[in-house]
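What follows draws every value from the coordinates through simple rules; no lab data is involved. Since the model is a prediction, treat every value here as computed from it, not as a measurement.
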Amino acid sequence: MTTISGSTSAGLSSSDSSGSTSQIASLNKQITQLQNQLKSLGTDGSLTDEQKSEEQTLIESQIQMIESQIAQIEQQQAEKATEKQNAQKESTTAATTKAADGVNRPTATNSLNVYI
């Protein structure tokens, strides 16, 4: 029986995008290794058809788990990017919005209506 090696867990607590990118690259490498194992499984004559089927389902389930981890990491990256954009918009809006000083930008209590 073929043994499957490799870690399928990834820490999702990285704080920077380069860490997430390297995690995704590592997970993609694991997927490639598992796909190669699937290919070699078909040519392995030492296993019965039932054993091959079990190994195939095991490898495919590992690939699906890794793909879901990649999706989680990408979703976290998208959320961080959205939060960063929102923070930048808020800081830009706060910088451009000037407080009413009563002269050229009247306040609610200090306004002048002129009718000509």
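For a straight C-alpha distance cut-off of 20 angstrom, the aspartates and glutamates reachable from residue 39 (same-chain residues fewer than eight places away being disregarded) are 49, 50, 54, 55, 60, 67.
For the range 24-34, backbone phi angles converted through the Karplus equation (6.51, -1.76, 1.60; θ = phi - 60°) give residue-by-residue couplings of 5, 4, 5, 5, 5, 5, 5, 4, 4, 5, 5 Hz, Gly and Pro being listed as x.
With θ taken as phi - 60° and the Karplus curve 6.51 cos²θ - 1.76 cosθ + 1.60 applied, the whole-hertz 3J(HN,Hα) list for the range 53-70 is 5, 5, 4, 4, 5, 5, 5, 5, 5, 5, 4, 4, 5, 5, 4, 5, 5, 4 Hz, x standing for glycine and proline.
Under 18 Å of direct C-alpha separation, and excluding same-chain neighbours fewer than eight residues apart, residue 89 reaches these aspartates and glutamates: 79.
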